[in-house]
1. Principal axis lengths of region 73-184 from Cα atoms, whole Å, largest first?
2. For region 1-95, with every protein chain kept in place, what is the accessible area per residue (1.4 Å probe, Å²)?
3. First compute the accessible area of the chain with a 1.4 Å probe, then give the percent of it belonging to carbon and sulfur atoms.
4. How would I7, I144, I85 line up by accessible area, probe 1.4 Å, largest first?
5. With every protein chain in place, what's the accessible area of V147 (1.4 Å probe, Å², nearest 10)?
6. How much of K200 can a 1.4 Å solvent probe reach, expressed as accessible area in Å² and rounded to 10?
7. Rounded to the nearest 10 degrees, what's the angle between the helix 177-213 long axis and the longest principal axis of the chain, both from Cα atoms, 0 to 90?
8. For region 70-85, in order, what is each residue's ³J(HN,Hα) by Karplus, 6.51 cos²θ - 1.76 cosθ + 1.60 with θ = phi - 60°, in whole Hz (x at glycine and Pro)?
Amino acid sequence: MKNASLIMIIGPLFLLGLFAFPLWNIMLGAPQYPDPLGMNIHISGIEGVSEFDLQNIDGLNHYIGMKTIPKSGEMWEFDVFPKVIIGMMALGVLIGLLGFFGKVDFKWFLGWFVLMSVLGVLGMYDFNEWLTDYGSNLDPHAIIKVVNEDGTPMTYKPPLLGYQKMLNFDVTSLPSVGAYMMFIGMSLTLLASYMGWKSKGTKVKQQSKKAVAA
């Protein structure tokens with residue numbers, strides 16, 4: 001159980017990578033932009049991949065009526081998400097320490113993994129809702145209005161995951177380094193849960209053999 005607890009302590013620490021690296025990346029490529037424009041989405045704000053990328057994206061979006069890219073203080077998520085990550089990291093390390101000293105068992109490790117998974121799904125849902133609003137809630141007085149074949153206004157929602165063609169832009173949305181570090185950390189806690197379960201099973205068998213021998 002001690003080895004499992006050590007892994008449980010290490011796993012949540014990988015969440016610190018979210019403070020150093022972006023969680024998600026969206027790239028926009030077009031013939032007039034041989035160097036694609038890009039956004040790195042962090043848990044505390046959005047940054048351009050290159051120095052003027054956000055400025056150029058906002059300039060393009062203005063013509064079709066899209067909102068400007070929100071600053072850190074303009075979305076509650078950028079205030080809440082860092083606190084949630086710090087809280088989950090501290091909770092995970094605490095559970096690992098309690099497991100090391102025999103105060104909790106592997107079920108607590110698994111509980112942390114389930115809770116973190118639920119928060120991750122909720123975060124992705126919230127991110128998708130923002131993308132939907134960002135790409136479909138357009139200014140009716142926009143300079144350029146593009147409609148679908150049925151006459152309805154075209155939406156410019158970037159894909160949550162993967163590739164999409166938007167007008168003459170090739171848009172790609174993929175997890176970035178922070179997301180992969182979070183995935184590794186969560187995988188380690190799942191491994192710790194399995195190791196703790198195996199350790200408990202072995203201990204029960206040993207106790208049963210001793211009882212039979214006695």
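1. 65, 27, 23
2. On a per-residue basis, region 1-95 sits at 51 Å².
3. Carbon plus sulfur share of accessible area: 67 percent.
4. I144, I7, I85
5. My reading of the accessible area for V147 is about 80 Å².
6. 90
7. Roughly 20 degrees between the two axes.
8. x, 7, 4, x, 9, 10, 4, 4, 6, 8, 7, 4, x, 5, 5, 5
The values are calculated or read from the model by the stated rules, or taken from the named source; none is laboratory data. Here the structure is a predicted model, which means the values were calculated and not measured. Reconstructed Cβ throughout: ideal geometry from the backbone, glycine too, with neighbour counts over all protein chains shown. Heavy atoms of the whole protein, side chains included, go into the accessibility calculation; ligands, DNA and RNA do not. Shrake-Rupley method; radii C 1.70, N 1.55, O 1.52, S 1.80 Å.
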